[in-house]
Every structure is written in structure tokens, then in C-alpha cells.
Amino acid sequence: MGRRLRWAVVTPLAPIGTDQVARFWSRFLAIGLVDPSTPTPETVEPFGDSAELADELIELVVNGPKRATVGALVEDELEGAPLPQPGTIWIVTDSAGQARAVLRTTEVRIGPLTSVDESFAWEEGEGYRTPEWWLAAHQEFFRRHLPTIGVDFDPDVATVVERFEVLFAE
């Protein structure tokens, strides 16, 4: 894998495989980290907005160093999605809509895209893992992605900056 993410390629994502997600969640419940009656999390989604990006990022979670993510606050607002909170459990899928990891949010803050520091860039685990690389790559992504949801790119776009731990992965 190269140091530059393939964010310019935008193959559509497949729908979430609800039956597979249910089986995956059952396997997670069987390890006993949460009450076995806990329902499947409301948030079941891939990282990114393309098949290429989703697969690259889920591999960084399952087999690598990715322990943080960032999203545009406006996207959550447009979707009416609640903001993540520490302790929130969620499922991340690959490009085929298959559940691959159960994550638990450990930290959340709202800030401009430009506010990411060296520690966060390192924990996000992408590219060269420096703030400079991180900012350039994420500006490229948001410049491309935000217009697809009807939002103009702003270099200081408000972002949801989130750290997480991996509870279970396949």
C-alpha cells in the first residue's frame, strides 16, 4: 500500500449487509465484553465514501495503526445523526457492506479541520502520519466530498474529531 490514499477514485459503496452484520454482532456478543442483550449499534457504516477508501481504511483499523477518525460536522447535522460520545459502540464495514470491526469511541471533540495536532495525525494511521500530510489529504477529501452533499468546502470546516479503540475485528 502506498502512502497516498486513493481518494480520487470513487467506486460506489455496496449496501450494508444486514444479515452478515447481525451474525458479526452475535460473534462479538459471545466474547462477553458487553451485556449479551445489547442490541446492534445504530451506527453501522464504512469509513470514507468510496469502495477504495473504505477498504483501505478498514484494513488500517483491523491490521494496522488506525485509532482515530474525523468527519464533517455538517454531514452529521444534515443526516440528523447524533454526535458520538465517549463509550459509544459502533460497527465499521468494508466496501461490500460487510461488518469488520466493533469500535468504542474514547474521545470526541469538535474543531476546525486545521486543528488536528501531531498526536491525532499519528493515531489516525494514514499516509505519512504527520499533521502536514494529514491536513493535505483531508482537505483533498473534503474538497471532493462536501460538494456531493451540497456543501461548499471551507478550509476551516467544523469537524468531529474522534478517537476509538477496537473491541473486536475480523
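The values are calculated or read from the model by the stated rules, or taken from the named source; none is laboratory data. Here the structure is a predicted model, which means the values were calculated and not measured. A quick note on method: Cβ atoms are made from the backbone with ideal geometry, for glycine too, and the neighbour counts reach across all protein chains shown.
Is there a residue being at pLDDT 95 or above, within 22 Å of ALA14 (Cα to Cα) and touching a helix residue (DSSP H, G or I) at 6+ places or on another chain (Cβ under 7 Å) anywhere in segment 51-69?
The answer is yes; a qualifying residue exists.
Whether any residue in segment 153-160 is touching a His at 6+ places or on another chain (Cβ under 7 Å) and hydrophobic (A, V, I, L, M, F, W, C) is what I want to check.
Checking segment 153-160: not a single residue is touching a His at 6+ places or on another chain (Cβ under 7 Å) and hydrophobic (A, V, I, L, M, F, W, C).
Go through segment 147-164 and report how many residues are part of a helix (DSSP H, G or I) and either among the polar types (S, T, N, Q) or crowded, with 16+ Cβ neighbours inside 10 Å (or both).
Looking only at that region, the number is 1.
List the strands (runs of 3 or more DSSP E) inside segment 33-146, counting only whole elements, that have at least 2 residues being surrounded by 15 or more Cβ atoms within 10 Å (Cβ to Cβ) and free of Cβ contacts under 8 Å to residues at least 12 places away in the same chain.
Ranges flagged: none.
For the list (1) modelled with pLDDT of 95 or more; (2) out of contact with any Leu (no Cβ under 8 Å at 6 or more places or on another chain); (3) not basic (Lys, Arg), I need the number of the one condition that ALA72 fails.
Of the numbered conditions (1) modelled with pLDDT of 95 or more; (2) out of contact with any Leu (no Cβ under 8 Å at 6 or more places or on another chain); (3) not basic (Lys, Arg), the odd one out for ALA72 is (2).
Taking GLU79 as meeting all but one of (1) closer than 22 Å to SER50 by Cβ; (2) at pLDDT below 95; (3) over 16 Å from the mean Cα position of the chain (by Cα), write down the number of the exception.
(3)
Suppose we filter segment 13-32 for residues that are at positive phi and part of a helix (DSSP H, G or I); how many remain?
Within segment 13-32, residues that are at positive phi and part of a helix (DSSP H, G or I) number 0.
When LEU167 is evaluated against the numbered criteria (1) more than 21 Å from SER50 (Cα to Cα); (2) assigned to a loop (DSSP other than H, G, I, E, B), which criterion, by number, is the only one it fails?
Here LEU167 meets the rest and fails (2).
Residues that are hydrophobic (A, V, I, L, M, F, W, C), under 30 Å from PHE153 (Cβ atoms), surrounded by fewer than 18 Cβ atoms within 10 Å (Cβ to Cβ) and in contact (Cβ under 8 Å) with a residue 24 or more places away in the chain: does segment 14-30 have at least one? Before you say what the answer is, go through the steps one by one.
In the first step, residues of segment 14-30 are kept if they are hydrophobic (A, V, I, L, M, F, W, C); the result is 14, 16, 21-22, 24-25, 28-30.
Next cut, under 30 Å from PHE153 (Cβ atoms) only: 14, 16.
Then drop every residue that is not surrounded by fewer than 18 Cβ atoms within 10 Å (Cβ to Cβ), which leaves 14, 16.
From the residues that got through so far, the ones that are in contact (Cβ under 8 Å) with a residue 24 or more places away in the chain too are 14, 16.
Scanning segment 14-30, I find at least one residue that is hydrophobic (A, V, I, L, M, F, W, C), under 30 Å from PHE153 (Cβ atoms), surrounded by fewer than 18 Cβ atoms within 10 Å (Cβ to Cβ) and in contact (Cβ under 8 Å) with a residue 24 or more places away in the chain, so the answer is yes.
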